[in-house]
Structures are given as structure tokens and as C-alpha cells.
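Accompanying notes for the structure given below.
Computed from the coordinates by the stated procedures, all read-outs in this text should not be read as laboratory data. None of the values given here were measured: they were computed from a predicted structure. Here Cβ is always computed from backbone atoms with ideal geometry, including for glycine, and neighbour counts include all displayed protein chains.
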Amino acid sequence: MSESRTDVLNESKRKGIAAGAVTAVAVTAAVAGAPITAAIAAVPAAILAHRWWKHRAENGIKF
């Protein structure tokens, strides 16, 4: 059975919050002067952001 529109939107919100939180950690590490930690944190941030964008595109959610 397919998911309801509300479930899809809630999943999108959850994925967006996760991607934003990891990105905030990467940016904070860069500002704090830890470039290696920032570079390491940027990888999962990019992956989560890509999954979020892909999820929105597959489900027809506009920005």
C-alpha cells in the first residue's frame, strides 16, 4: 500500500531536519577552526541533503 500524502510530507520534513542539522554541525566545525572535522562532517551532510532532494523530487513535493 502506498503512503499517504501526510506521511510523505512528514518523512520529507524529518529528512530535511536531519540534513540541516548535520550541515549545521559541519559549518560550525569549519567556523570553529577544525577544517578536518568539518570536511569529515561535510560528507554525511552532502549524502543526507542528496537523499532529501531526491525524496522530494520522487514524490513531487515543490519547494
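Points worth noting:
- Condition check for T23: of a type in the set (S, T, N, Q), over 9 Å from the mean Cα position of the chain (by Cα) and assigned to a helix (DSSP H, G or I): no
- Exactly one residue out of I40, I47, I61 is among the hydrophobic types (A, V, I, L, M, F, W, C), surrounded by 11 or more Cβ atoms within 10 Å (Cβ to Cβ) and outside any helix (DSSP H, G or I), and it is I61.
- Unmet criterion (only one of (1) surrounded by fewer than 12 Cβ atoms within 10 Å (Cβ to Cβ); (2) assigned to a helix (DSSP H, G or I)) for E3: (2)
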